[in-house]
């Protein structure tokens, strides 16, 4: 099956292609050309494996790749170092060596865990991303961020480690639950807010098609999102500068996930609410017009996403959780905020009283 689109993420010797198209999971040649050795370990979860693992294993057999598999429990609450150790044990028991390839078949949790395992097994082995959720297809599978959660903070244990390729099979979205589709659309909206006002407007015009799973519209949204993220990562692979704008809404959102218990709020749901809070704080500083906040809320609601934070969370809980955020420097929390629709900044130059007002009144 020929990909509809091939993007290249240019990072010198760590460059790799992103393939986008329907049915790509059934192409053994596409998979095989990115496995340099003759052995692999597939990591999936209890939801995705029954849907796609048999097909992937058949492809590996056709390509002459010896393989083993690990099936993890499904959910953000399993994005832990224990899951990484499960993969380590499987690799060692199967006597997988440095030429082995780990294959992540699943959503963002599976991709992040597998990538981190690949980064640390024998100090680094190959891995391939096959994302099966919209959120992982447009965001977490691209850019090389890997890791697991800690009870005190999300993604606090991890590494930057790039895959050999990303295979985005858009047909896997046919089996994606509605709630997961909406969660992925939150990250799509993010790209419009931080980088591309025209894309944001396109999303407003095509919201009903995206919610109806129109394949052409979803493919366009995935393409633009991946292209945007790739261009930002190429400029700043390890998030020392511009890449941090990709975290719009995430400082607030990660606090919600940690305080409410991982898995109770989907990552995209927490990010959606976090983006509204970021827009609110931007508005309170006079950096954006009220229309930007209102359009943000309206579009997220079109995608059936929450726009109000959990009522039970206190200002103190937010501040404690956000103080552990990776963007915090020298004890000062930095936020990704908006200067206009399509333009974001990372800043620690905000009024603490206005932040408190956002946390209390959003």
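The values are calculated or read from the model by the stated rules, or taken from the named source; none is laboratory data. Model, not experiment: these values are computed from the prediction. Every residue, glycine as well, gets a Cβ built from its backbone with ideal geometry; the counts of neighbours run over all protein chains shown.
Being assigned by TED's automatic domain parsing to the domain that holds residue 103, under 26 Å from residue 35 (Cβ atoms) and under 14 Å from the mean Cα position of the chain (by Cα), is that true of even one residue in the stretch 212-223? No, every residue in the stretch 212-223 fails to be assigned by TED's automatic domain parsing to the domain that holds residue 103, under 26 Å from residue 35 (Cβ atoms) and under 14 Å from the mean Cα position of the chain (by Cα). Scanning the stretch 211-231 for residues that are in contact (Cβ under 8 Å) with a residue 60 or more places away in the chain and either within 24 Å of residue 3 (Cβ to Cβ) or assigned to a loop (DSSP other than H, G, I, E, B) (or both) gives 215, 218, 219, 221, 222, 223, 225, 226, 227, 229, 230. Filtering the stretch 215-231 to residues that are surrounded by fewer than 23 Cβ atoms within 10 Å (Cβ to Cβ) and either touching a helix residue (DSSP H, G or I) at 6+ places or on another chain (Cβ under 8 Å) or more than 18 Å from residue 242 (Cα to Cα) (or both) leaves 215, 216, 217, 219, 220, 223, 224, 228.
Check the stretch 60-69 and report whether any residue there is under 22 Å from the mean Cα position of the chain (by Cα), buried (at least 16 other Cβ atoms within 10 Å of the Cβ) and either at pLDDT 95 or above or under 26 Å from residue 228 (Cβ atoms) (or both). For the stretch 60-69, residues under 22 Å from the mean Cα position of the chain (by Cα), buried (at least 16 other Cβ atoms within 10 Å of the Cβ) and either at pLDDT 95 or above or under 26 Å from residue 228 (Cβ atoms) (or both): absent.
Take the conditions (1) part of a helix (DSSP H, G or I); (2) surrounded by 18 or more Cβ atoms within 10 Å (Cβ to Cβ); residue 287 misses just one of them, which is (1). Within the stretch 29-48, identify whether any single residue is surrounded by fewer than 18 Cβ atoms within 10 Å (Cβ to Cβ), in contact with a helix residue (DSSP H, G or I) (Cβ under 7 Å, 6 or more places away or on another chain) and either touching a residue at least 60 places away in the same chain (Cβ under 8 Å) or not assigned by TED's automatic domain parsing to the domain that holds residue 217 (or both), and answer yes or no. For the stretch 29-48, residues surrounded by fewer than 18 Cβ atoms within 10 Å (Cβ to Cβ), in contact with a helix residue (DSSP H, G or I) (Cβ under 7 Å, 6 or more places away or on another chain) and either touching a residue at least 60 places away in the same chain (Cβ under 8 Å) or not assigned by TED's automatic domain parsing to the domain that holds residue 217 (or both): absent. Does residue 124 satisfy the criteria of being within 20 Å of residue 10 (Cβ to Cβ), surrounded by fewer than 24 Cβ atoms within 10 Å (Cβ to Cβ) and not assigned by TED's automatic domain parsing to the domain that holds residue 244? Taking the combined requirement at face value, the residue does not satisfy it.
Taking the criterion of being part of a helix (DSSP H, G or I) and either buried (at least 18 other Cβ atoms within 10 Å of the Cβ) or touching a strand residue (DSSP E or B) at 6+ places or on another chain (Cβ under 7 Å) (or both), the residues of the stretch 303-351 that qualify are 318, 321, 322. For residue 130, the requirement of being assigned to a strand (DSSP E or B) and at pLDDT 95 or above is met.
Scanning the stretch 232-246 for residues that are touching a strand residue (DSSP E or B) at 6+ places or on another chain (Cβ under 6 Å) and part of a loop (DSSP other than H, G, I, E, B) gives a single hit, 238. Residue-level analysis places residue 320 among those that are more than 22 Å from the chain's Cα centre (by Cα), in the same structural domain as residue 186 (by TED's automatic domain parsing) and under 16 Å from residue 152 (Cα atoms).
Within the stretch 19-66, being part of a strand (DSSP E or B) and closer than 15 Å to residue 1 by Cα holds for 19, 20, 21.
Which residues, taken from the stretch 293-335, are on the phi > 0 side of the Ramachandran plot and without any contact (Cβ under 8 Å) to a residue 60 or more places away in the chain?
Residues satisfying the conditions are 330, 331.
Please find, within the stretch 133-151, the residue that is surrounded by the most Cβ atoms within 10 Å (Cβ to Cβ) out of those that are assigned to a loop (DSSP other than H, G, I, E, B) and within 9 Å of the chain's Cα centre (by Cα). Across the stretch 133-151, the extreme among qualifying residues is 141.
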